[in-house]
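Report on the following structure.
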Amino acid sequence: MHKLELKNVSIKRGNLSIGLFNFTFKENERILVYGPNGYGKTTLLLAIAGIIKYEGDIFLDEKPVKYYTLEKRGITYAPAKPTLVNRISVLDNLKISGNSAEEIAVEMGLKNYFGQKTYTLSDGMKKLVQVSMALGSSAPVILLDEPFAFVSEEKSFVLKTVINKTQGKIILITSHEMIQNFSEYIDISKYQLHNL
């Protein structure tokens with residue numbers, strides 16, 4: 001069973017200082033990190049992903065992740081703004097992720113878009129493709145930054161259903177709003193530091 005641990009983690013990014021994070025998340029848990037803009041939701045995900053520096057320790061399955069390259073960490077990060085290859089089709093983007101991304105995209109109602117070039121999609125549809133890729137990756141930890149942004153209410157419901165059905169992963173999601181039915185909630189406003 002996979003386990004993600006944050007021990008005495010603090011992060012400084014520009015004028016923002018957040019921490020101390022001490023959490024243990026287990027396989028099949030869904031964690032919502034919520035709070036206002038500028039309070040560090042994305043910063044926390046970036047630190048967990050290893051994209052920015054942090055103080056303290058982050059462990060995946062009791063191994064410190066900072067000694068692994070981004071590709072070997074076992075953590076997939078889907079940023080708030082989709083980063084897809086625009087000149088290729090939706091299906092080709094999904095194939096980059098491998099594993100079950102295509103199947104997840106079908107569950108999200110994207111099959112009719114598989115032949116389209118990604119640049120023709122709305123921001124909401126691009127977001128759904130990116131989330132399908134993340135959930136379909138082999139990584140045991142999935143970080144979804146604002147996955148419901150730009151997504152219609154109908155597709156948000158489908159997305160929540162797919163996320164809740166996903167097994168064998170630890171999923172952290174950021175949102176400006178409180179969303180029901182998560183295993184754990186982190187109010188990022190409670191982790192503001194003034195001096196690191």
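Across the chain, C-alpha contacts under 8 Å between residues 6 or more apart give a mean separation that, scaled by the residue count, equals a relative contact order of 33 percent. Converting phi to 3J(HN,Hα) with the Karplus coefficients 6.51, -1.76 and 1.60 and the offset θ = phi - 60°, segment 117-132 yields 5, 4, 5, 7, 7, 5, 4, x, 5, 4, 4, 5, 5, 4, 5, 4 Hz in sequence order, with x at every glycine or proline. The ASP123 and ASP92 beta-carbon pair, evaluated with R₀ = 25 Å, returns a calculated FRET efficiency of approximately 0.80.
In this calculation the C-beta distance from TYR185 to VAL106 is compared with R0 = 45 Å, giving a FRET efficiency of 0.90.
Mean-square fluctuations from a GNM of the chain, with a 10 angstrom spring cutoff on Cα atoms, peak among ILE179, ILE18, ILE170 at ILE179.
In order along segment 79-93, the phi-based Karplus estimate (6.51 cos²θ - 1.76 cosθ + 1.60, θ = phi - 60°) of 3J(HN,Hα) comes to x, 4, 9, x, 10, 10, 8, 5, 7, 10, 6, 4, 4, 5, 4 Hz; Gly and Pro are listed as x. In terms of overall dimensions, segment 42-108 has a Cα radius of gyration and Dmax of 14.6, 41 angstrom.
Given a Förster distance of 30 angstrom, what is the FRET efficiency for VAL158 paired with LYS81, based on the Cβ-Cβ distance and rounded to 0.05?
0.90
Over all other residues within a Cβ to Cβ distance under 15 Å of LEU84, the charged ones net out to +2, with Lys and Arg as +1 and Asp and Glu as -1. Rounded to the nearest whole Hz, the Karplus-based 3J(HN,Hα) values (6.51 cos²θ - 1.76 cosθ + 1.60, θ = phi - 60°) of segment 29-46 follow the sequence 8, 10, 10, 9, 9, 10, x, x, 4, x, 9, x, 4, 5, 4, 4, 4, 4, with x at glycine and proline.
Relative to the Cα centre, the charge distribution of segment 3-191, modelled as +1 at Lys and Arg Cβ and -1 at Asp and Glu Cβ, gives a dipole magnitude of about 420 debye. Computed per residue of the chain from DSSP H runs no shorter than four, each worth -39500 (n - 2.57), the mean residue ellipticity at 222 nm is -7500 deg cm²/dmol.
Taking every DSSP beta bridge that has both ends in the chain, the antiparallel portion is near 50%. Each of GLN192 and THR69 was given a label point 7 Å from its Cα along the Cα-to-Cβ line. The distance between the two points is 4.0 nm.
Rg and Dmax, both from the Cα atoms of the chain and both in Å, are 16.4, 51. Shown here is the pair-distance distribution of segment 102-196: with all Cα-Cα distances grouped in 10 Å bins from zero up to the longest one, the shares run 14, 46, 28, 10, 3, 0 percent.
Amide H contacts of GLU29 (H built 1.01 Å from N, in plane; Pro and chain starts excluded): ILE171 sit under 5 Å, all sequence-distant by 5 or more or on other chains.
Where a number appears in this text, it was derived from the coordinates with a stated rule and is not lab data. Model, not experiment: these values are computed from the prediction. Ideal geometry is used to build each Cβ from the backbone, glycine not excepted, and the neighbour counts take in all protein chains shown.
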